[in-house]
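Written out below as structure tokens is the structure these notes cover.
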Amino acid sequence: MTFSISPQQRQMIATVRELAQGEFKADAIKYMDGTFPWDNMRKLARLGVLGMSVPEEYGGMGLPVFDTALILEEIAKVDYVTAMAVLGEAGVQTRVIAAYAPEEIKRRILPKVCTAECILAICMTEPHAGTDVANYRTNAQVKGDRVVLNGTKTLISRAAEAGLFVVFTRIDGKPGREGIGCILVEPGAKGFAVTGTYHTMGGENLHEVQFNDCELPLENLVIREDGFRKLLTAFNTQRCLNPSISLGLAEGAFDEAVGYVRDRKLFGKALSESQGVRWKLADMYKDIEAGRGLLYRACATADPFPDPFLSAVAKVFCNEMSIRVTSEAVQLHGGYGFTDEYLVSRLYRGARYGSLGGGASETLRDLVGRTIVSDLQSAYGILGLSDDLMAIGE
């Protein structure tokens, strides 16, 4: 099974790689204090990267999931914070607006996403509910042509910079998963406030936001029914884009480790002359290529959203693989690997996020296991080799 890269994709990857390696890499450390990478985002906007998930009629590129993953992978090799900022423009929130928002909102917001004029923030996690969407307490009450939103969301990326918040919430107090919908909130709305900041080990800041009788026009209620299914469908894309960052972090750390052990001398010999070191590198490379195969295969199923089963498998593996590989890269650098000044230290810290966001590994591992138990037919042989199983997990 192969995944061919077209000449156009190769050119796109080369262009982003030149920018990332030539400009982002040297300055990446300055974003570790929570500073938002505005300069990097504007440079990527000029290449069209921020419009990857925006349809062409709104000024974007309308790229497939696979292409988007390839670009995120390249950025993540040198700069976790910028890769996560780009994910915010290429992920669920942009696709929700493109798929469900009224035309006026699409035409007003999506072109600004492409140019970095509008940073998007998705609001899902609540203080008492992350993965447990069915227990959301945030509620949007429809009152004629207005909607009144109340509740708290926490651990929100880009809240201090966002020009629009995509908020998943309960609608009219309807209980359970069936009551979930989505509403758009602009930062200037009355009753909206950013109320807390958490600095992460990866470098970016997360925030708490509150809605206190936040009154919004009815057209901002972009998903009113069947919101949970629509959310999960869109989130299958996130389960390919999140691990693409994990893959890039692992590749970047591996590249740094190979260069370091070639140059570093120990007892008069290069570290790379040690069999133990070479075995570490072999295992790291093996892990990376296994993750690449799983992720690219999942991305290739997107039409327009990836297969839920394969994307869950790819996410769990790549997230955990990235922690292993970046950790080994730190080990190979010795004490230098523990310092902020060395890239491997920052990549290692970024890698820890992957298995927490976009669906925790425990949740997805259980999803994979339940799907195997309920759907695997022994007549097909190894799971996934039959075309009949491509729809498994739907």
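The values are calculated or read from the model by the stated rules, or taken from the named source; none is laboratory data. This is a predicted model, so every value here is computed, not measured. Cβ: placed from backbone, ideal geometry, glycine included. Neighbour counts: every protein chain shown.
Do you know which residues across segment 4-33 are acidic (Asp, Glu) and in contact (Cβ under 8 Å) with a residue 60 or more places away in the chain? Scanning segment 4-33 gives a single hit, Asp33. Restricting segment 240-266 to residues that are farther than 16 Å from Tyr285 by Cα and aliphatic (A, V, I, L, M), the residue that is surrounded by the fewest Cβ atoms within 10 Å (Cβ to Cβ) is Leu266. Looking at Tyr58, Tyr80, just one residue is surrounded by fewer than 22 Cβ atoms within 10 Å (Cβ to Cβ), among the aromatic types (Phe, Trp, Tyr) and either more than 19 Å from Gly350 (Cα to Cα) or within 13 Å of the chain's Cα centre (by Cα) (or both), and that residue is Tyr58. Contact map, segment 37-60: first residue under 15 Å from Thr94 (Cα atoms), second residue among the basic types (Lys, Arg), Cβ cut-off under 8 Å, separation 6 or more or different chains; pairs are Ser53/Arg95; Tyr58/Lys106; Tyr58/Arg107.
Given the residues Glu219, Glu208, Glu215, Glu178, which is the only one that is within 27 Å of Trp38 (Cβ to Cβ), among the acidic types (Asp, Glu) and in contact (Cβ under 8 Å) with a residue 12 or more places away in the chain? One residue alone meets the criteria, Glu208. Assess whether Thr237 counts as being buried (at least 24 other Cβ atoms within 10 Å of the Cβ), among the β-branched types (Val, Ile, Thr) and either on the phi > 0 side of the Ramachandran plot or modelled with pLDDT under 95 (or both). Taking the combined requirement at face value, the residue satisfies it. Quick check on segment 244-255. Is at least one of its residues assigned by TED's automatic domain parsing to the domain that holds Thr363, not in a helix (DSSP H, G or I) and not hydrophobic (A, V, I, L, M, F, W, C)? No - not one qualifying residue is present in segment 244-255. Of all residues in segment 135-149, those satisfying the criterion of being of a type in the set (D, E, K, R) and touching a residue at least 12 places away in the same chain (Cβ under 8 Å) are Arg137, Asp145, Arg146.
With the structure loaded, tell me whether Gly335 is touching a strand residue (DSSP E or B) at 6+ places or on another chain (Cβ under 9 Å) and of a type in the set (Gly, Ala, Ser) or whether it fails that test. No: the conditions fail for Gly335. Which condition number in (1) under 27 Å from Thr197 (Cβ atoms); (2) among the polar types (S, T, N, Q); (3) in contact with an Asp or Glu (Cβ under 7 Å, 6 or more places away or on another chain) is the one that Thr35 fails? Thr35 satisfies all of (1) under 27 Å from Thr197 (Cβ atoms); (2) among the polar types (S, T, N, Q); (3) in contact with an Asp or Glu (Cβ under 7 Å, 6 or more places away or on another chain) except (3).
For segment 359-377, the set of residues classified as farther than 16 Å from Gln238 by Cβ and either not assigned by TED's automatic domain parsing to the domain that holds Asp307 or not in a loop (DSSP other than H, G, I, E, B) (or both) consists of Glu362, Arg365, Asp366, Val368, Gly369, Arg370, Thr371, Ile372, Val373, Ser374, Asp375, listed by residue number. What are the residues in segment 263-303 that are of a type in the set (Ser, Thr, Tyr), touching a residue at least 60 places away in the same chain (Cβ under 8 Å) and outside any helix (DSSP H, G or I), if any? Result: Thr301, single match.
Here Tyr296 qualifies as under 29 Å from Val54 (Cβ atoms), outside the structural domain of Asp79 (by TED's automatic domain parsing) and either touching a helix residue (DSSP H, G or I) at 6+ places or on another chain (Cβ under 7 Å) or surrounded by 17 or more Cβ atoms within 10 Å (Cβ to Cβ) (or both). Among the criteria (1) under 29 Å from Gly293 (Cα atoms); (2) touching a helix residue (DSSP H, G or I) at 6+ places or on another chain (Cβ under 6 Å), the one Met84 does not fulfil is (2).
Using the structure shown, decide if Val316 is of a type in the set (A, V, I, L, M, F, W, C), in a helix (DSSP H, G or I), over 25 Å from Leu232 (Cβ atoms) and not assigned by TED's automatic domain parsing to the domain that holds Ala90. So Val316 does not fit the description; no.
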